[in-house]
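Before any comments, here is the structure.
The values are calculated or read from the model by the stated rules, or taken from the named source; none is laboratory data. Just so you know, these numbers come straight off a predicted model, no measurement behind them. A quick note on method: Cβ atoms are made from the backbone with ideal geometry, for glycine too, and the neighbour counts reach across all protein chains shown.
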Amino acid sequence: VKKIQEGSLEAPIRHPIDWQGDDFDNPKLLFDELKRVFNICSGCRRCFSLCDAFPKLFDLVDETPTGDIHAVDEDKFWQVIDNCYLCDTCFKTKCPYVPPHEFNVDFPNLMLRAKALKFKKRGPTIRDRILSNPEKLGSIAGIPVVAEVVNATNNSKLGRLVVEKTLGVDRTAPRPIFHRRTIRKKLSNYSKNNDKVKQYSKNPGVVLFLTCYGNNNNPEIVEDTIACFEQSNVPIVFASTEKCCGMPKLELGDIKSVEAAKNINVPELHSWAVDGWQITSPIPSCVLMFRQELPSLFPEEQKVKAVAEAFVDPFEYLYQLNKEGNFNKNFKSSLGSVFYQVPCHLKVQSIGLKTRDILEMIPETKVTSIERCSGHDGTYGVKKEFRQSSVKIGKPVAQKLDQKNYDQFTSDCPMAGAQIESISTNAVNYAHPMTLLRRAYKI
């Protein structure tokens, strides 16, 4: 008789997502698998403190007379599925039953499968169409006059109330600022002469994937990244064309739209990757999308694989540069005490705390890091029905920030930073780590 192990001692592996297979959106097979995995999760409960999906699941089971997942109405499974925002933290850091364990549990990918079925059957709501297309939203909101109207609406109590009533975007959720001029237009010289830069650069440099957020809402993080990389004489360019990485669409289960974005981004980025250039982005979710999610969805595509291998976190790149003796550490100013929230989408890349390590190279700088979720989680934290759960998830981080008078507060994810800032009572304002690094250089 084969003995079943309590947990796996082997390194976790992840199977490709067969989203084009006949069984992927088969409702009966899906719900059979949901029951199997939910039954395992209910018996384990290690992930109770991660997101609200697991407490919802455990409550559903505990409320039945028998304490059995098979006694739960299948329609209630959506309470669990809708509260999963595909952060991958359970798979990467908690679950003892991930492959190669024979239980073969991949909770996030199973939730994606369920979301894909829901998207196929019901389609997106108007709110989901808007929130999952930050590129289009940014282009419309960035039109002169329109930008001012959108920002004014977001900054007024009445405007926020109207948006909550009409679209279901919670009035208390943080809002991005929209700019008239995108960073791609403002810094067009970084994409005009790409062929010459590639030809005449002594060594391969870095392609900076701007992201929708960096291009439309937080242009300073792009400018700060460029300034810091150029301090170490790293050639840096923008790709000639760029679409949204597709992460907001993935959250919805809209895999076809993810594929459409991939078909535009990957060929352009691949042309740099094959020439030895690395690719980076100031937003961890975008790095994760190219590094892990696209290879799982398109495992047979060699260009996707090559781009994934070329993609690095920006501080991971600087850390490697330092190991080679090429990182400029001529800092002019200390940062003092820094409170650093490690975003989930950075943590699951399994690269360690390279942001902390680089910032602590600055003299008289001490970084206190916390590896807990902010609760923002893509579009989850701005939706009215999830706002309360979102704040509950992020509150422990805000409470840690409030315990001391830190000089700086940072997170690699600007959305996480805005979320924690909105919950915290601490007077210190959020700044991206690249912004802090630039301050240390005094440039």
Legend entry - Scope segment 251-309; condition in contact with a helix residue (DSSP H, G or I) (Cβ under 7 Å, 6 or more places away or on another chain) and basic (Lys, Arg); matching residues: 262, 291, 303, 305
Legend entry - Selected residue (only one of 354, 347 is under 22 Å from the mean Cα position of the chain (by Cα), modelled with pLDDT of 95 or more, buried (at least 20 other Cβ atoms within 10 Å of the Cβ) and not hydrophobic (A, V, I, L, M, F, W, C)): 354
Inset, instruction - Name every residue in segment 43-67 that is under 24 Å from residue 92 (Cα atoms), crowded, with 19+ Cβ neighbours inside 10 Å and over 22 Å from the mean Cα position of the chain (by Cα), in order of residue number. - result: 56, 57
Inset, instruction - Any residue in segment 297-318 that's outside any helix (DSSP H, G or I): show its pairings with residues that are of a type in the set (Lys, Arg) at Cβ separation under 9 Å, as long as the two are six or more apart or on different chains. - result: 298/262; 298/305; 299/305; 301/262; 311/291; 312/291; 313/291; 313/354
Inset, instruction - Check whether at least one residue in segment 14-34 is in a loop (DSSP other than H, G, I, E, B), aliphatic (A, V, I, L, M), more than 21 Å from residue 371 (Cβ to Cβ) and not assigned by TED's automatic domain parsing to the domain that holds residue 386, and report yes or no. - result: yes
Legend entry - From the options 399, 419, residue that is outside the structural domain of residue 281 (by TED's automatic domain parsing) and surrounded by fewer than 20 Cβ atoms within 10 Å (Cβ to Cβ): 399
Inset, instruction - Considering only residues that are surrounded by fewer than 18 Cβ atoms within 10 Å (Cβ to Cβ) and polar (S, T, N, Q), look in segment 110-141 and name the one that is nearest to residue 297 (Cα to Cα). - result: 125
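Residues to consider are 321, 335, 288; find the one that is surrounded by 17 or more Cβ atoms within 10 Å (Cβ to Cβ), touching a His at 6+ places or on another chain (Cβ under 6 Å) and modelled with pLDDT of 95 or more. Don't jump to the end; show me each part of the working.
On the way: 321 fails: touching a His at 6+ places or on another chain (Cβ under 6 Å); 335 fails: touching a His at 6+ places or on another chain (Cβ under 6 Å).
It is 288.
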Inset, instruction - State whether one or more residues within segment 425-441 are without any contact (Cβ under 8 Å) to a residue 40 or more places away in the chain, in a strand (DSSP E or B) and either assigned by TED's automatic domain parsing to the domain that holds residue 338 or touching a Phe, Trp or Tyr at 6+ places or on another chain (Cβ under 8 Å) (or both). - result: yes
Inset, instruction - Determine whether residue 99 is of a type outside the set (Ser, Thr, Tyr), part of a loop (DSSP other than H, G, I, E, B), in contact with a His (Cβ under 7 Å, 6 or more places away or on another chain) and not assigned by TED's automatic domain parsing to the domain that holds residue 417. - result: yes
Legend entry - Within segment 218-268, considering residues that are among the hydrophobic types (A, V, I, L, M, F, W, C) and outside any helix (DSSP H, G or I), the one surrounded by the fewest Cβ atoms within 10 Å (Cβ to Cβ): 236
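What number of residues within segment 236-268 are under 22 Å from residue 113 (Cα atoms), more than 17 Å from the chain's Cα centre (by Cα) and among the aliphatic types (A, V, I, L, M)?
Of the residues in segment 236-268, 1 are under 22 Å from residue 113 (Cα atoms), more than 17 Å from the chain's Cα centre (by Cα) and among the aliphatic types (A, V, I, L, M).
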